[in-house]
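Rule-based calculations on the coordinates, nothing more; no lab input. In this text, all values refer to a predicted model and were calculated from it rather than measured experimentally. Cβ sites come from the backbone with ideal geometry, for glycine too, and all protein chains shown count toward neighbours.
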Amino acid sequence: MISKIARLFVAFLMFISPSLPHLLGLPEIPSGRELNLDERFKLVWEDDFLGDTLDTTKWDDNQSVHTLHWGPVRKGGYWHKDMISVRDGNLIITTQYKSEALEGSSFGAPEKYEPGYYTGMIATAGKAEFKYGYFECRAILPKASGMWSAFWMMNGDVYETDNVGHDGAEIDVFESMSYENRFWGTGDAILCGIHYDGYGEAHKYDKLGEYFVDNPYEQFNTYGVEWNENECIFYINGIETGRITGDAVSHNPEYLILSCEVSGDNAVPNTKEISLKGDESAEFIVDYVRVYEYK
Ligand SMILES: [Ca+2]
């Protein structure tokens, strides 16, 4: 209900001036041009998540991805392959507190798994990397506060600090910022942007903005980015939300990532934000990921 009021308020602001919500730091309602997918693109890669296991010819499940720079610790919890499953035509990334550490090691990193929040990620690094086209996933986001689910793209050269993202960038097709615990019902919104020049002092972030999605924790929506040599154009359900041009645009192949994280740092969860209690779990459900080339 509160989300509906927030959305009506934002619609009113956009009626006065389309850029007003953005200036006030509020999410916008997608209102741009239509994608026209069939007319402009052809499908070149997809995973519909059929069968009972992750297709490891397409994805790694974060214990064997050596090209990535991350250990098993991720924000307030751990990434672990046991939290990844495929069921009823969907990929499921489950988040849950484990009072006993799950077994295994990750990336050959020295950190060990301990009791705590467990969730997961999968990536196509070294298996399917793409330059330019249209990239889309169809998903239901995890229904619990303190979850940070995302569909994003990376290239290892994102760490090159040369003031441009041309050698590689982190393209966040969407990041879900949480559920329920944001002011004015804006938890129904997602975030889009591009990070480049690494994550240290030279780090740059072109934040496109935040956008409302239809019942993202209850129903499937599509989240996409169209990427060419000039710009990245972001879409929700085939409607443009906005575009990023200039230095942030990558000109190198990027791999795809689906992931969930929990609020916190160094595997210490922010329990004020995380609404899961006991052994309750939350699921990030992905129907498909599709990659298209320009016709
Ligand atoms: Ca599917």
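Worth a mention:
- Rounded if a/c under 1.5, otherwise prolate or oblate - segment 189-246, Cα gyration tensor axes: oblate
- Annotation: the residues 114, 103, 136, sorted from fewest to most other C-beta atoms within 10 Å of their own C-beta, follow the order 103, 114, 136.
- Segment residue 39-residue 88, length gained on full extension (0.36 nm per residue, minus Cα span): 14.6 nm
- Each residue, residue 237 and residue 270, gets one label point 7 Å from its Cα in the Cβ direction; the gap between the two is 2.9 nm.
- The calculated FRET efficiency for residue 102 paired with residue 294, based on their beta-carbon distance and R0 = 51 Å, is about 0.75.
- Amide H within-cut-off set for residue 276, under 5 Å, with H built and near neighbours excluded: 145
- Residue 161 versus residue 8: modelled label distance in nm, points set 7 Å from Cα along the beta carbon direction: 5.0
- Rounded, prolate or oblate (a/c below 1.5 giving rounded, otherwise prolate when a/b exceeds b/c) for segment 118-250 by Cα gyration tensor: prolate
- Calculated mean residue ellipticity, 222 nm, the chain: -2000 deg cm²/dmol, from DSSP H runs (n ≥ 4) at -39500 (n - 2.57) each, averaged per residue and rounded to 500.
- Gain on full stretching of the segment that runs from residue 24 to residue 112 - 0.36 nm per residue minus C-alpha separation: 27.4 nm
- Here the Karplus curve 6.51 cos²θ - 1.76 cosθ + 1.60, taken at θ = phi - 60°, turns the phi angles of segment 233-244 into couplings of 10, 9, 9, 10, 6, x, 10, 5, 9, x, 9, 10 Hz, with x standing for Gly and Pro.
- A cut-off of 5 Å between modelled amide H atoms, ignoring neighbours fewer than 5 places along the same chain, links residue 32 with 240.
- The HN-Hα couplings worked out from phi for segment 139-146 by the Karplus form 6.51 cos²θ - 1.76 cosθ + 1.60 (θ = phi - 60°) are 8, 10, 8, x, 8, 6, 5, x Hz, whole numbers, x standing for Gly and Pro.
- Beta bridges by DSSP in segment 32-294, antiparallel share as percent, to the nearest 5: 95
- Note on residue 251 and residue 281: with the Förster distance fixed at 45 Å, the Cβ-Cβ geometry gives a FRET efficiency of about 0.65.
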